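In what follows, a single structure is set out as structure tokens and then discussed.
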Amino acid sequence: MARVLVADDDNITRRLLQATLQKYGHDVTAVDTGDKAWDMLQDPMSPQLLILDWVMPGMDGPEIVRRLRESEMERYHYVILLTAKTQKDDVIKGLEAGADDFITKPFDKNELLFRLRAGERIIELENNLEERNWQLESTSKLLASSNERMKKDLETAARAQKSLLPSSEPDTDKVKFAWNYTPCDELAGDILNFFKLDDDHIAAYVLDVSGHGVAAALLSVTVSRFLTSDHNATSLLMQQDADSGEWKVSPPQHVARRLNEQFPLDLSTGQYFTIMYGVLDLKNMKFTYVSAGHPDLVHSPKEGEARALQSRGLPIGFDEGAEYDEYEVALQPGDRVILYSDGVVEMKNSAGEQFETARLEQTVQRYRRASLQECVEGIVTTVQEWGKELPSQDDITVLAFEMQ
């Protein structure tokens, strides 16, 4: 049964209320003034069911109700005003003060118990709602804290991923590089790099892992760790001659084959990656490359039209016995080569049309007289403008070099 606070300055009425309610199992506290009742209500654990006399010394019933409603007490108090006033204006005055119900004097026992039970149900509903609100607030705070931690973790991971990108150009005056890396999320499935293998050769690649987010980023970072110029037994890009012990540059098709063996398709996640990997021969002015399911590179000669050079090959991991063909493009001073991820040519506009290779060729040609960096930025800006009316769709990665 409920805990009830009774406040009435009439001794007989107060005792009668107390006895009646206690008879039916209620825990009753009775006081003879409004001031005493108000003092008791300052205790957070005070009764939530109140029966207050309308007229009492000090604070009267409506005044207590007004103060309750204006206060910021955490729990709701259900107030029944006990009064001899029956006029409509008096009832309205009590409701305006915030009273929940009325009982007229002399009170009827059955009516009192009925109205008290209604109050108990309201209090129970209010307390349940308060408990749920508290739980929701606690859960919301927990989620906010978790999201903040996750955001910081993602920002840290994104910085770590970006730290793997090129920080400087190779030490040579024979070629110039430019690039742009624009993830669609905090973490990207794309990654690019270029670096010297030896005095005459520079490796360059753009890699694109299927999907987005943490899983794609982890795989892209893992693969990039295998694509280094380290001279050791695990190196994919360098080979040691068994007889002379001399280190030589691995052919691109050998690199693709080794990657295919090292990273079979993950059937549980369906995750795979494509890559355009090539070796720039500075002495012989040629770029030898292999494509594993990756978009065709674009060759932009100093004099002539930019065009995509077709190349074929399965994505890494699709077929454990896959063979990869090598392609070669002869270069002259001023020639440019552009590697990119599928986020460039597959960008869609609001009509669902993809940017496609032909538009990329036109864009490269339009920026032919601009600097290499301006050309790369022009490609990215044009692609983003094409898809500006739709949410971010995919990572955009562009890597270009120009022979000097």
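Could you pull the Rg and Dmax for segment 166-403, using just the Cα atoms, both in Å?
17.4, 61
Taking θ = phi - 60°, what integer Hz values does the Karplus form 6.51 cos²θ - 1.76 cosθ + 1.60 yield along segment 215-224, in sequence order, with x for Gly and Pro?
4, 5, 5, 4, 5, 4, 5, 4, 5, 4
Would you mind getting me the FRET efficiency between Lys105 and Lys23? Use the beta-carbon distance for r and R0 = 22 Å, nearest 0.05.
E(calc), rounded to 0.05, equals 0.70.
Arranged from highest to lowest average of other beta-carbon atoms within 10 Å per residue, in what order do the peptides 13-22, 331-340 appear?
Per-residue Cβ counts within 10 Å, averaged per peptide and sorted highest first, yield 331-340, 13-22.
If you take the beta carbon distance between Lys174 and Ala351 as r and set R0 to 30 Å, what does 1/(1 + (r/R0)^6) give as a FRET efficiency, to the nearest 0.05?
Step by step, r from the Cβ atoms, then E = 0.10.
Which order do the peptides 211-221, 275-285 come out in when sorted by mean C-beta neighbours inside 10 angstrom, highest first?
Highest mean packing first, the order is 275-285, 211-221.
In whole percent, what relative contact order does segment 3-133 give with Cα contacts below 8 Å and a gap of six or more residues?
Reported as a whole number, the value is 22 percent.
Compute the signed sum of charges (Lys and Arg +1, Asp and Glu -1) over the other residues within less than 12 Å, Cβ to Cβ, of Leu219.
Here the count lands on -2.
Along Cα→Cβ, 7 Å out, is where each label goes; now give me the distance between the ones at Leu129 and Glu246 in nm to one decimal.
8.6
How big is the antiparallel share of DSSP beta bridges in the chain, given as a percent to the nearest 5?
75
To the nearest 0.05, what FRET efficiency results for Leu142 and Glu74 with a Förster distance of 30 Å applied to their C-beta separation?
Efficiency, from the Cβ-Cβ distance: 0.90.
How about segment 310-404: which GluC sites (Glu not before Pro) there lie in a loop by DSSP and see at most 15 other Cβ atoms within 10 Å?
Listed in order of number, the matching sites are Glu320, Glu323, Glu346, Glu353, Glu389.
In sequence order, what are the phi-derived ³J(HN,Hα) couplings for segment 129-146 according to the Karplus relation 6.51 cos²θ - 1.76 cosθ + 1.60 with θ = phi - 60°, rounded to whole Hz, with x for glycine and proline?
Once θ is set to phi - 60°, the couplings for segment 129-146 become 5, 4, 5, 5, 4, 5, 4, 5, 5, 5, 5, 4, 5, 5, 5, 4, 5, 5 Hz.
For the pairs Lys36/Lys105; Lys36/Lys93; Lys176/Lys286; Lys196/Lys283; Lys36/Lys109, note any where the Cα-Cα span goes beyond 18 Å.
In this structure, Lys36/Lys105; Lys36/Lys93; Lys36/Lys109 lie more than 18 Å apart at Cα.
If you take Cα Rg over 2.2 N^0.38 Å from the coordinates, which of [x] 0.95; [y] 1.82; [z] 1.02 do you get?
Structure-derived value, by its label: [y].
Using alpha-carbon pairs under 8 Å, 6+ residues apart, how would you state the relative contact order of the chain in percent?
12
Checking the table Lys162/Lys248; Lys162/Lys388; Lys162/Lys348; Lys174/Lys348 against a 32 Å threshold on Cα-Cα, which pairs fail?
Violating the 32 Å limit, Cα to Cα: Lys174/Lys348.
Readers should treat all values here as calculations from the given coordinates under stated rules, not as data from a laboratory. In this text the structure is predicted, and so the values were computed from the model without any measurement. Don't worry about glycine lacking a Cβ; one is built from the backbone with ideal geometry, like all the others, and counts go over all protein chains shown.
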